[in-house]
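See structure below.
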Amino acid sequence: MIQPWLESAWARLLALGARLPHAMLFVGPPGLGKRDLAEALAARLLCESPRADGHACGTCDACNWRSGGNHPDFYRVVPAAVADQADGGEEGGATAAADGGAGKAKSSQIVIEQIRELQSALAVTGHHSEQRVVVVDPAEAMNTFTANALLKLLEEPPAGCTFLLVSSAPRRLLPTIRSRCQQWSFPRPDAAQREVWLRGQGKDIEVLLDLAGGLPLAATRLAERDGAAFAARFVRDLSGDPDVLKLAGQWEAWLKSKESLAAGFGLPMLVDWMQRWVADLVALRLGGRARFYPGQEKTLTALAARMNVASASNCYNELAQIRRVVAHPLNLRLFIEDMLMRYARALKGARS
Ligand SMILES: [Zn+2]
């Protein structure tokens, strides 16, 4: 399904027709629907009789093979860990994911074997039609070695092959990969698009949309996996004086839990929530209102009374800074401890 804010991009892609580049890179924040867009385009390219609206018909042999996960000319290169999370449904496809082996954690990286498999598969001519499609998602899950192997394919693309790379962190891609692809950047939906989208959703989604940084699909994912419970736990954990070391351990386990992975709840979101929590504390301390956690004003007001404005603002700025390195903490536990220590220090601000 194409999200409303990606409709115009979809129309522009279709308008390219036969001039569609052989390699494209879809970039934008996570939870925007880039993956669905790439999947819809792949489906359209493989379909034998696309509908008038440009979408794949969903009923021809090619469509059936693709949705059944066995289209011979469709290659989905995703990390094994991601392939595991996909819940089936329309997420079929010949997923070229290496098995991490029983009992071993699945790789969150695209491994070199996957690209080698792809290379040998593409070395033979297309099975069914002249059109072949490769989706690489997320493209930043390739290390330099793996990316260089893919680069060879992009440099000398097999006939009739379209590469669709998807990335939320394009700066982590090799510049040579980026320059080989036509880049399509998708921004966050604007206020009007959000409004339209919200109207079609359940009533509690607005809160989750805020908690998901304004990204609708991330909000939906949270909603489907009981995101309200996540938010409630977060609030509960911060409602008193946190025991920093104990809470850091609990939060580490929380982030690593299956439920969190399934809901898309990770460190970036936790740090976001923390930052908003402190933003509300600062606002209340200055006599304003709680913007992000309006339902928690009583708790927040009591906490804010114990902070001084300078220490609370400091804490907010520090969180903004650590937010930038959140994608790759060297040590998750230490990262959370550090974050909570800064917060605890700010809480004690008024007393010292
Ligand atoms: Zn079809």
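Bear in mind these aren't lab numbers, they're just calculated from the coordinates by the rules spelled out. Please read all numbers here as calculations on a predicted model, not as lab measurements. Positions of Cβ are generated from backbone atoms using ideal geometry, with glycine treated the same way; all protein chains shown enter the neighbour counts.
Structure summary
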| read-out | value |
| --- | --- |
| Ellipticity estimate at 222 nm from DSSP helix runs (n ≥ 4, -39,500 (n - 2.57)) divided over the chain, nearest 500 | -15500 deg cm²/dmol |
| Per-bin percent of Cα-Cα distances, region 112-215 [10 Å] | 12, 35, 22, 18, 12, 0 |
| Hz values of 3J(HN,Hα) by residue in region 310-315 - Karplus curve (6.51, -1.76, 1.60), Gly and Pro given as x | 4, 5, 5, 5, 3, 4 |
| 5 Å binning of all Cα-Cα separations within region 234-275, expressed as whole percents from 0 upward | 5, 21, 30, 29, 13, 2 |
| Average Cα contact separation per residue, region 225-351, under 8 Å, 6 or more apart, as relative contact order % | 31 percent |
| Most to least packed among 281-287, 185-191 [average Cβ atoms within 10 Å] | 281-287, 185-191 |
| Sequence-distant residues sharing a close amide H with residue 239 (under 5 Å, placed H) | none |
| Residues with amide H under 5 Å from that of residue 23, placed H, sequence gap 5 or more | 163, 182 |
| Phi to ³J(HN,Hα) by Karplus 6.51 cos²θ - 1.76 cosθ + 1.60 over region 228-238, Hz, x for Gly, Pro | 4, 5, 4, 4, 5, 5, 4, 5, 4, 5, 9 |
| Average Cα contact separation per residue, the chain, under 8 Å, 6 or more apart, as relative contact order % | 15 percent |
| Derived scalar couplings ³J(HN,Hα) [region 65-82; Karplus, 6.51 cos²θ - 1.76 cosθ + 1.60; whole Hz; x for Gly, Pro] | 4, 5, 5, x, x, 9, 6, x, 10, 10, 10, 10, 9, 9, x, 4, 5, 6 |
| Residue 132 long-range amide H proximity, modeled H, under 5 Å | 161, 162 |
| Quotient of Cα Rg and 2.2 N^0.38 Å for the chain, N being how many residues it contains | 1.11 |
| FRET efficiency, 1/(1 + (r/R0)^6) with R0 51 Å, evaluated for residue 302 and residue 148 via beta carbons | 0.35 |
| Spin-label model distance (nm) - residue 57 vs residue 113, 7 Å beyond Cα toward Cβ | 3.8 nm |
| Trypsin sites (Lys or Arg not before Pro) restricted to region 196-252 and DSSP loop, no more than 13 other C-beta within 10 Å | 203 |
| Counted charge near residue 167, where neighbours are those whose Cβ lies closer than 12 Å (Asp, Glu -1; Lys, Arg +1) | +3 |
